[in-house]
Amino acid sequence: MSSGVRSHTVPQADRVAMTLPRLQEMKENGEPIVMVTAYDFPSATVAEAAGVDLVLVGDSAANVVLGYDRTDLVSMEEMIVLGRAVRRGLKTALMIGDMPMGSYEASDELAITNAQRLIKETGCQAVKLEAGGVSVQRAKAIVAAGIPVMGHLGLTPQTATALGGYKAQGKSAKAAIQMSEDARALQDAGCFAVVFEAVPAEIAATIAARLDIITIGIGAGAATSGQVLVFHDLLGITTGHMAKFVKRYADVHEEMVAAVGRYAAEVRGGSFPGPEHAYAIDEEELAEFRSHVEVEEDAFASAKSWEWEPLA
Ligand code: KIV
């Protein structure tokens, strides 16, 4: 590349569809796994073109694309619409659908039904659910129904209120022990992976080293098998307060505002659209059209003058 920046993407033509055995192999070989969220066709095509391994249709969609102030407000129906759009933009990345709050906690039956809905209606290949406790049993039931499950521990936004807010978890020995036990239980339930969010790096590293399954970190240090970031956060599309673990690789919001501002200025100033944005028409066709319009105008003018003739 002329900029001297090396491309880190594998050419699209050389990429093969990601599978669970390949992911496990990556973990065992120490090859970092790259995961990103996506919520629509454009974000999925960007993730695909960048060659990421895993794409999560996260319930963070609630905040970053739907404008809710909490993730627990997003519904199954909304997740399905978003998931279907993501599916259309992916070719090789393995797609995971996030189960929204209320779609799995109440019973194994509910969890299986909604996991099947996500798989069948969006085309995702695996589902993710949050927390330990009852979620471990739900994960087990979904796995038994033949659907791969990713767990999620640490800061679990669906239950952030119960956790005392959006803050790092596992900061006491007691909490870290519980997290380690939950991770083990999720592994024993058959989960193929677990996400650790906002967890001290040493705790995540120790727990990850004791697990056979894939671990994905977000604010959990560098020792997990892979990393995940929210698409809109890493691109700087979201504005306002960012969690400590977010690294911004671009400032797309600023770019977009500037671009729309330039467009508005050009429309108002008359410089857009220019001749290069207009379609041409054959001279003869144009002349015929214009003479037709003139004849029509004359006929209209004489009809009007007759209409308004004062009554005798
Ligand atoms: O919903 C989401 O985006 C997530 C990731 C942060 C793991 O759960």
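Alpha-carbon geometry of the chain: the Rg and the Dmax are 27.2, 104 Å, given in that order. Averaging 1/r across all pairs of distinct Cα atoms in region 201-294 and inverting the result yields a Kirkwood radius of 18.6 Å.
Ranked by accessible surface with a 1.4 Å probe, highest first, in what order do 262, 268 come? Mind showing how you got there, number by number?
Working: 262 145, 268 205 Å².
Correct descending sequence by accessible area is 268, 262.
Springs between alpha-carbon pairs under 10 angstrom, Gaussian network model over the chain: which of 265, 168, 189 fluctuates most? Maximum among the listed residues: 265. By how many degrees, 0 to 90 and rounded to 10, does the Cα axis of helix 76-89 deviate from the longest principal axis of the chain? Taking the Cα atoms of the chain, the angle to 76-89 is about 80 degrees. Largest GNM mean-square fluctuation across 243, 115, 85, computed for the chain with C-alpha springs under 10 Å, falls on 243. Between residue 109 and residue 262, the contour length at 0.36 nm per residue exceeds the alpha carbon distance by 49.8 nm. The phi torsions of region 262-272, fed into the Karplus equation with coefficients 6.51, -1.76 and 1.60 and a -60° offset, translate into couplings of 5, 4, 4, 5, 5, 5, 5, x, x, 8, 10 Hz, rounded to whole numbers, with Gly and Pro shown as x.
What's the Kirkwood radius of region 52-141 in Å, using all Cα pairs?
Working: mean 1/r = 0.0761 Å⁻¹.
For region 52-141, inverting the mean 1/r across all distinct Cα pairs yields 13.1 Å.
Report, as a whole number in µm² per second, the diffusion coefficient that Stokes-Einstein gives for region 154-205 at 25 °C and 0.890 mPa s using the Kirkwood radius over alpha carbon pairs.
On the way: Rh = 11.4 Å.
It comes out at roughly 215 µm²/s.
The length gained by stretching the chain between residue 69 and residue 297 to full extension, at 0.36 nm per residue less their Cα-Cα distance, is 76.3 nm. What the phi angles of region 162-176 give under the Karplus curve with 6.51, -1.76 and 1.60, with θ = phi - 60°, is a coupling list of 5, 7, x, x, 7, 9, 4, 10, x, 8, 10, 4, 4, 5, 5 Hz, glycine and proline written as x.
With a Förster radius of 51 Å applied to the C-beta separation of residue 161 and residue 14, the computed FRET efficiency comes to 0.65.
Taking every C-alpha pair closer than 8 Å and separated by at least 6 residues, the mean separation divided by the residue count of region 12-257 gives a relative contact order of 16 percent. If you take all other residues with their beta carbon under 10 Å from the beta carbon of residue 81, and give Lys and Arg +1 and Asp and Glu -1, the sum is -3. Note on the chain: GNM, Cα springs under 10 Å; of 80, 142, 177, the largest mean-square fluctuation is that of 177.
How much length would be gained if the chain were fully extended between residue 290 and residue 144, taking 0.36 nm per residue of separation minus their Cα-Cα distance, in nm to one decimal? Could you put the intermediate results ahead of the total?
On the way: separation 146, 0.36 × 146 = 52.56 nm, distance 7.21 nm.
This chain segment gains 45.3 nm when fully extended.
Once all protein chains are placed together, residue 277 keeps about 100 Å² accessible to a 1.4 angstrom probe.
The values are calculated or read from the model by the stated rules, or taken from the named source; none is laboratory data. Computed from a predicted structure; not experimentally measured. Cβ sites come from the backbone with ideal geometry, for glycine too, and all protein chains shown count toward neighbours. Calculation scope for accessible area: heavy atoms of the full protein, side chains included, ligands and nucleic acids excluded. Shrake-Rupley method; radii C 1.70, N 1.55, O 1.52, S 1.80 Å.
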